[in-house]
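Colleague: Please find one structure pasted underneath; my questions will follow.
The values are calculated or read from the model by the stated rules, or taken from the named source; none is laboratory data. Nothing here was measured: the structure is a model prediction, and the numbers come from that model. All accessible areas refer to the heavy atoms of the entire protein, side chains included, with ligands and DNA or RNA removed. Shrake-Rupley method; radii C 1.70, N 1.55, O 1.52, S 1.80 Å.
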Amino acid sequence: MANATAVDMAVAVANAGGLGSFMRCADKVAEGVAVVSARTNRPINLNFFCHRPAPPDEDLALPPCALLRLARRGDTDSAAQKPPSCRFTPAFCALVEQLMPAVVSFHFGLPA
């Protein structure tokens, strides 16, 4: 679900006997694991993107409605927001090793 899978769904699936799975960026994964672990003792899967990121395009980092508001004001250079980094870095790997989920999966490639 592209970093949007709710922990509620992971808990529901796990408690129903399936493998609950969710994904989060590095700054939210420990929080997500803590919430899931508090609500189920069933195994969970942490899933991560491992694709080669495209070159940054500041215009695409903004939601379409924000782009329209800025364009109306003639101000397309300000308020550029960058989405949080979800790249699977060595530090991210160390965090996952510390959390020790039952399953770790990757899509669009494997980490280095």
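Colleague: Do you know which residues across the range 1-20 are at pLDDT 85 or above and part of a loop (DSSP other than H, G, I, E, B)?
Modeller: Within the range 1-20, A16, G17, G18, L19 qualify.
Colleague: Restricting the search to the range 21-34, which residues are modelled with pLDDT under 90 and open to solvent by 20 Å² or more (accessible area, probe 1.4 Å)?
Modeller: S21, R24, A26, D27, K28, A30, E31
Colleague: S78 versus (1) open to solvent by 50 Å² or more (accessible area, probe 1.4 Å); (2) modelled with pLDDT under 60; (3) hydroxyl-bearing (S, T, Y): which is the lone unmet condition?
Modeller: With (1) open to solvent by 50 Å² or more (accessible area, probe 1.4 Å); (2) modelled with pLDDT under 60; (3) hydroxyl-bearing (S, T, Y) applied to S78, the lone miss is (1).
Colleague: Could you check how many residues of the range 21-41 are outside any helix (DSSP H, G or I) and of a type outside the set (K, R)? Even if it seems obvious, please write down each step before you answer.
Modeller: Narrowing the range 21-41 to residues outside any helix (DSSP H, G or I): 21-25, 40-41.
Keeping just the survivors that are of a type outside the set (K, R) gives 21-23, 25, 40-41.
Summing the residues that are outside any helix (DSSP H, G or I) and of a type outside the set (K, R) in the range 21-41 gives 6.
Colleague: Could you pull out the residue among R69, R39 that is at pLDDT 85 or above, open to solvent by 30 Å² or more (accessible area, probe 1.4 Å) and among the charged types (D, E, K, R)? Working first, answer last.
Modeller: Working: R69 fails: at pLDDT 85 or above.
Only one candidate passes the filter, namely R39.
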